[in-house]
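The values are calculated or read from the model by the stated rules, or taken from the named source; none is laboratory data. As the structure is a computational prediction, the values presented were derived from the model and not from experiment. Note that each Cβ is placed from the backbone with ideal geometry, even for glycine, and that neighbours are counted across all protein chains shown. Remember, those area values only see protein heavy atoms, side chains included, never the ligands or the DNA or RNA. Shrake-Rupley method; radii C 1.70, N 1.55, O 1.52, S 1.80 Å.
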Amino acid sequence: MSDWIHDRNGRASMIFDSDCIRNNRGTVVAWISGNSIYTLKGRHCGWFENGILFDSSNDVIGFLRDSTGGLPSVPGIGGTPGTPGFSGKPGRPGFSGVPGRPGRGGWSKEDLSNFFNKQ
């Protein structure tokens with residue numbers, strides 16, 4: 001089952017799809033393994049826990065509508081667009097080790113809609 005991931009402004013920007021994250025066009029942009037997020041090349045880039053997406057600095061970059069665990073502040077949530085058709089999933093790479101997790105911060109300075117393009 002898929003669900004929209006909202007950014008710090010409440011905009012639906014990415015899609016959570018069980019073991020991956022897709023962009024708003026339905027293309028896989030990251031993998032989820034346990035509570036870790038990996039780039040398509042297998043590099044660790046964050047965490048996904050209780051419906052909240054954290055960047056590598058442990059700052060919140062996005063969240064599901066029904067997330068638990070607390071956000072730095074709760075933005076108003078806009079309407080959600082229709083779900084696009086999904087492209088096939090690419091092969092999963094080998095994943096790098098998980099780095100130590102820093103202390104929890106506030107909202108990330110990164111923009112969710114561009115975060116995985118920079119990885």
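List of remarks:
- Whenever a residue of segment 15-41 is free of Cβ contacts under 8 Å to residues at least 40 places away in the same chain, its partners that are surrounded by fewer than 19 Cβ atoms within 10 Å (Cβ to Cβ) and in a loop (DSSP other than H, G, I, E, B), lying with C-beta atoms within less than 8 angstrom and at least six residues away or across chains, give the pairs Ser18/Met1; Ile32/Ser18; Ile32/Asp19.
- Residues being of a type in the set (Asp, Glu) and exposed (fewer than 11 other Cβ atoms within 10 Å of the Cβ) - total across segment 55-81: 1
- Residues (over 14 Å from Asp17 (Cα atoms), without any contact (Cβ under 8 Å) to a residue 60 or more places away in the chain and touching a helix residue (DSSP H, G or I) at 6+ places or on another chain (Cβ under 9 Å)) located in segment 47-64: Ile61, Gly62
- Of all residues in segment 101-112, those satisfying the criterion of being small (Gly, Ala, Ser) and at pLDDT 90 or above are Gly106, Ser108.
- Complete set of residues in segment 1-11 that are of a type in the set (Gly, Ala, Ser) and either under 18 Å from Pro90 (Cα atoms) or touching a Lys or Arg at 6+ places or on another chain (Cβ under 9 Å) (or both): Ser2
- Restricting segment 98-119 to residues that are more than 21 Å from Val74 (Cα to Cα) and open to solvent by less than 60 Å² (accessible area, probe 1.4 Å), the residue that is farthest from the chain's Cα centre (by Cα) is Pro102.
- Residues of segment 14-34 satisfying the condition of being under 13 Å from Phe95 (Cα atoms) and of a type outside the set (A, V, I, L, M, F, W, C): Ser33, Gly34
- Among the candidates Gly46, Gly34, residue that is at pLDDT 90 or above and open to solvent by less than 20 Å² (accessible area, probe 1.4 Å): Gly46
- Criterion violated by Pro84 - all others in (1) open to solvent by 40 Å² or more (accessible area, probe 1.4 Å); (2) closer than 14 Å to Asp17 by Cα; (3) at pLDDT below 90 satisfied: (1)
- Among residues of segment 80-119, those that are over 14 Å from Cys45 (Cβ atoms) and free of Cβ contacts under 8 Å to residues at least 24 places away in the same chain, counted: 4
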